[in-house]
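To keep things clear, I will list the structure first and then write my remarks on it.
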Amino acid sequence: MFIFGFDPFSFFAGFISASVFWWLLSRARPLWREIRSGIKEKSEVAQSRKSTAVEENHRRNTLRRAQGMHLAAPLFALDEILQTPLVFAPKPIVEPGEAPVFEDIISQTVPYLPTWPEIGSTFGVQTLTLPQALAGNSNLVIIGQPGIGKSVALAHLASLLANRSAEMGALQEAVPFLLHVADLRLPAADEKNALTPITEAFSENASMFDLGRLPAFIQGVFKGGNALLLIDGYDEITAAEQQVVSEYFKLLIKLFPQNKIITTGSPEYLDGLISLGFAPLTLATWSTKRHETFIRQWGELWTQTVSMESWAQTGAQQVDPLLLNIWLGTDNSNLTPLELTLKAWGAYAGDSLGPHVLEGLASHIRRIAPPNTPLAALETLAMQATLSAQAVFDPRKARAWVRSFEPAEEKIPGQTGELKLKTGELKLKTGELKAQTNDAPAAEEQPAGDKKAEKVATPTYGLLSKMVASGLLVSYPHHRMKFIHPIFAGYLAGRAMTNYNAEDQILEQTDWAGKYLAMRYFAAFGDASKLVQSMLEFSRLPMHRPLMSAARFLRDAPKNAPWRGKLFGSLAAILQTEGIPLGVRGQAMAAFVYSNDANAAPLFRQFASGTAFELVQLAVLGLGAIKDTKAVQVLSQTLNAPSISVRRAACLALVSIGTNEALELVAHTLLSGDEDVRRAAAEALAEDPAEGHAVLKEGMEHADILLRRAIAYGLGRLEDAWAIEALQKIQIADEQWVVRNAATEVLDAKTNIAARAPHKLKAPSDSPWLIEFASKQGVGISPGTPATDILLQALKSEVPETRLAALPYLKFAPTEGVVTQLYHAMYKDDPELREAAFNILWEIGASGVKLPDPTQLGLN
């Protein structure tokens, strides 16, 4: 047995030491927490700095790309030459029980023509900037004809976002992701990798330092709902390719619903987008005032920058910019921004082949084609891409299309030469052409390697690579190329087709933009009788899409083309058909205007003298659009027509014509007309910066109450500071409440411009008016159901507001029964319902649904 001795000193020393230790440890706990918190905070700050650095680099890269997304990028940055893109405000959605959205007289008078924006731009129909259009929290598809500036619109929006511009409002901090459809490797593998196509696309140009952090950054932005995806080129591809892209959009909307997507589209082909809730907004063409501003800016920039370059000073002697601008300011009606850009470029560079649009295109192709390249090579490439329906093609396989044009040995560096542009130099065997598709033997096939290998060793494709270097083609990752603009591809393809019997082959294609561009330029260089005849045979109500597409051929085609008379006859028949929507008849009127045909003016004058008031209204607008000075006397008589729509249209047309006699007639109407036509006169005069604005300023102090009220609405059309100040003064100081109310109404409309932006529809189960209507029918609406049956009942309601409110919902359920009821609504004796139903059917048709002929439903 062992007995241990007890040492009191050691015991108490140990006890005290332990107590002191634990006391110190308890007092140190806050310090440890602070240390741990500090370490964590430093880690978060470091991570935040990494994320911020990636974002800032991404914004800079986006800005750099956006500023180069325009035709004149080799000369100027986008912001230096930009005319701010505008879209037409969509027709307001009716909400029963709520105050109607303010709409000016001009927008009520000019038919809503999303496929022919030239008419709306002529008369100043209400427009929105892109930031204003985004205020409705809806995904958008910007639509318009090729060359109207859709890519520039996306680039402008990306620039605003990259710079965190205050114009973006609530979206000021949103992160832009600007891509072309050719950048995306689709379809995505699965939901878990939904952002991989976007990440891969931006990884191609990311710095080595950002490459590893980019996936987490993109994932974080999308999960945070702070992304704005801008996808260019949707309008360029075929319907089958559009379906792949739209399925990707559907996946992104499902996984990241808080973000926004904006893409580009053709007015006729929006496959897959409408059903996803995309709102189509038509890009406005440039007005005469914008033409003048652009030409002046171009001249100033050219003089200050380009003319200082050594190559410019050694060339031909420069013409006085004032003289050039005077010449450039003539004959610009119906030119797209692309066409006006080429006209200005050719004039200032002195290398234009002529004043015609076609000569401007030929000049630019010669300007950007590789030296010593035969025109036949360019035409063959474009034709093969078009006939094989490949807006974006694989260069490994496309090289076989132009292999015969590649030189046997490389040219001496620095050697230059002229691109031959004479069609007669093409030595091509006329016959049936079969396009080489992706099944053709591939040139320079390479095994698939990893991404790093692709970056290190960029493959070359002979003549195609030279076209990329010269700027005619654009190269994308994963072996993809395309022409720098679809119009150049269409122009070259159309020229090449004149040497082959390719009409049947192209007519057999499904509809897409490249097909119609090629046919349009084929009609300019060859005999398109077969094409036009086939298109007229397939054209039918309610849209007459083939007919309206063929009408785009008229402007550039020879005036003696044998098919023009038949096409004009069909358009005139549509224009005169009573009972069908103005949305169709207005397109026929717009086609006459766009054609620049001398016979349009006398035809419109004849129609304007008739008694069918809808036809008179359209004819009067047509006379104003072509600025027919001989029509002033006819228009003076329509100012007294029984139809208020005709009288309004006459005011717009007279101001558009702009002669002293025409403006005096409108000023007299402003002084002595009835209340409604006075307002129309004032709003029309607001479109004339010189005489019109002077009349409005003078009228503000007039004793006539109705005149001052009309003046307030006219001032409401202007964004000038003096006009806003005048309205604010009228709102407070005018002694008559009707005048003050008018000023308040237009000022409120300016403040609440977001009300005109497209908004997402409320779910049927959350829509107060529909719930109330359903309860009156003794039924309920379950959440998550389309409520199609109750909406069809609402469409048949006796209350006009209820009928109009049901229409926007029905486009999401385009069944045979729904389409039938929309047709019946379109043929009711209710002009407002007729036009609204037609617009819904247009969206359904553009989304890929085949609409039946009305006669199949017993309608005539």
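The values are calculated or read from the model by the stated rules, or taken from the named source; none is laboratory data. Predicted, not measured: the structure shown is a model, and the values here were computed from it. Note: ideal-geometry Cβ built from the backbone for every residue, glycine included; neighbour counts use all protein chains shown. Only protein heavy atoms, including side chains, enter the accessible area calculation; ligands, DNA and RNA are left aside. Shrake-Rupley method; radii C 1.70, N 1.55, O 1.52, S 1.80 Å.
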(Q) Here is a list: LEU621, LEU670. Which entry is open to solvent by less than 30 Å² (accessible area, probe 1.4 Å) and under 33 Å from the mean Cα position of the chain (by Cα)? (A) LEU621
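Determine, yes or no, whether VAL141 is within 17 Å of the chain's Cα centre (by Cα), under 30 Å from ASN332 (Cα atoms), open to solvent by 20 Å² or more (accessible area, probe 1.4 Å) and of a type outside the set (Phe, Trp, Tyr). Don't jump to the end; show me each part of the working.
Numbers: within 17 Å of the chain's Cα centre (by Cα): yes; under 30 Å from ASN332 (Cα atoms): yes; open to solvent by 20 Å² or more (accessible area, probe 1.4 Å): no; of a type outside the set (Phe, Trp, Tyr): yes.
No: the conditions fail for VAL141.
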Q: Give the residues of the stretch 225-243 that are within 15 Å of ILE198 (Cβ to Cβ) and surrounded by fewer than 20 Cβ atoms within 10 Å (Cβ to Cβ), sorted by residue number.
A: ASN226
Q: Output the number of the condition that LYS811 fails; it satisfies all remaining conditions of (1) open to solvent by 60 Å² or more (accessible area, probe 1.4 Å); (2) basic (Lys, Arg); (3) within 30 Å of the chain's Cα centre (by Cα).
A: (1)
Q: Consider GLU701 carefully, then state whether it is modelled with pLDDT under 95 and more than 34 Å from the chain's Cα centre (by Cα).
A: yes
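Yes or no, residue by residue, for (1) touching a Lys or Arg at 6+ places or on another chain (Cβ under 8 Å); (2) modelled with pLDDT of 95 or more:
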{"site": "THR751", "(1), (2)": "no, no"}
{"site": "LYS760", "(1), (2)": "no, no"}
{"site": "GLN793", "(1), (2)": "no, yes"}
{"site": "ARG803", "(1), (2)": "yes, yes"}
{"site": "TYR809", "(1), (2)": "no, yes"}
{"site": "ILE840", "(1), (2)": "yes, yes"}
{"site": "LYS850", "(1), (2)": "no, no"}
Q) Considering the stretch 626-638 alone, what residues qualify as being surrounded by fewer than 21 Cβ atoms within 10 Å (Cβ to Cβ) and either part of a loop (DSSP other than H, G, I, E, B) or at pLDDT below 95 (or both)? A) LYS627
(Q) Against the definition (closer than 16 Å to ALA389 by Cβ and of a type in the set (Phe, Trp, Tyr)), how does PHE488 come out, yes or no? (A) no
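How many residues does the stretch 77-103 hold that are out of contact with any strand residue (DSSP E or B) (no Cβ under 8 Å at 6 or more places or on another chain), at pLDDT 95 or above and assigned to a loop (DSSP other than H, G, I, E, B)?
First, pick out the residues of the stretch 77-103 that are out of contact with any strand residue (DSSP E or B) (no Cβ under 8 Å at 6 or more places or on another chain): 77-83, 91-103.
The next check asks that each one be at pLDDT 95 or above; those that pass are 77-83.
If we keep only those that are assigned to a loop (DSSP other than H, G, I, E, B) as well, we get 77, 82-83.
Of the residues in that region, 3 qualify.
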Q.
Looking at VAL849, VAL818, can you tell me which residue is hydrophobic (A, V, I, L, M, F, W, C) and open to solvent by 20 Å² or more (accessible area, probe 1.4 Å)?
A. VAL849
**Q.** Output for the stretch 326-342, where each listed residue is farther than 20 Å from PHE553 by Cα and of a type outside the set (A, V, I, L, M, F, W, C)
**A.** GLY329, THR330, THR341
Q: Among the numbered conditions (1) at pLDDT below 95; (2) more than 24 Å from GLU832 (Cβ to Cβ); (3) of a type in the set (A, V, I, L, M), tell me where ALA755 comes up short.
A: (2)
Q) Got a number for residues in the stretch 163-179 being open to solvent by 10 Å² or more (accessible area, probe 1.4 Å) and closer than 21 Å to VAL54 by Cα? A) 6
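Every residue in the stretch 649-661 that is crowded, with 24+ Cβ neighbours inside 10 Å and over 29 Å from the mean Cα position of the chain (by Cα), please.
ALA650, CYS651, LEU654 - these are the residues of the stretch 649-661 that are crowded, with 24+ Cβ neighbours inside 10 Å and over 29 Å from the mean Cα position of the chain (by Cα).
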Q) What are the pairs, 6+ residues apart or on separate chains, where a residue within the stretch 561-581 that is closer than 19 Å to ALA608 by Cβ and open to solvent by less than 40 Å² (accessible area, probe 1.4 Å) has its Cβ under 7 Å from a residue that is aromatic (Phe, Trp, Tyr) and outside any loop (DSSP other than H, G, I, E, B)? A) LEU571/PHE592
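Residue-by-condition table, conditions (1) buried (at least 21 other Cβ atoms within 10 Å of the Cβ); (2) modelled with pLDDT of 95 or more; (3) within 23 Å of the chain's Cα centre (by Cα):
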site	(1), (2), (3)
LYS452	no, no, no
ALA502	yes, no, no
ARG520	yes, yes, yes
LYS530	no, yes, no
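Can you give me the number of residues within the stretch 33-60 that are modelled with pLDDT of 60 or more and open to solvent by 60 Å² or more (accessible area, probe 1.4 Å)? Steps first, please.
Narrowing the stretch 33-60 to residues modelled with pLDDT of 60 or more: 33-37, 52-60.
So of that shortlist, the ones also open to solvent by 60 Å² or more (accessible area, probe 1.4 Å) come out as 33-37, 52, 60.
Qualifying residue count for the region: 7.
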Q: Identify the residue in the stretch 821-846 that is closer than 24 Å to SER767 by Cα and more than 28 Å from the chain's Cα centre (by Cα) and, among all such residues, is surrounded by the fewest Cβ atoms within 10 Å (Cβ to Cβ).
A: GLN821
Q.
Please go through the stretch 594-616 and give me each residue that is open to solvent by less than 10 Å² (accessible area, probe 1.4 Å) and closer than 30 Å to THR330 by Cβ, ordered by number.
A. TYR594, SER595, ALA600, PHE604, ALA608
(Q) Every residue in the stretch 541-560 that is open to solvent by 20 Å² or more (accessible area, probe 1.4 Å) and of a type in the set (S, T, N, Q), please. (A) ASN560
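Conditions tested, residue by residue: (1) farther than 18 Å from GLU578 by Cβ; (2) of a type in the set (A, V, I, L, M, F, W, C); (3) in a helix (DSSP H, G or I).
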| position | (1), (2), (3) |
| --- | --- |
| PRO814 | yes, no, no |
| GLY817 | yes, no, yes |
| TYR823 | no, no, yes |
| ARG834 | no, no, yes |
| GLU843 | yes, no, yes |
| LYS850 | yes, no, no |
| THR855 | no, no, yes |
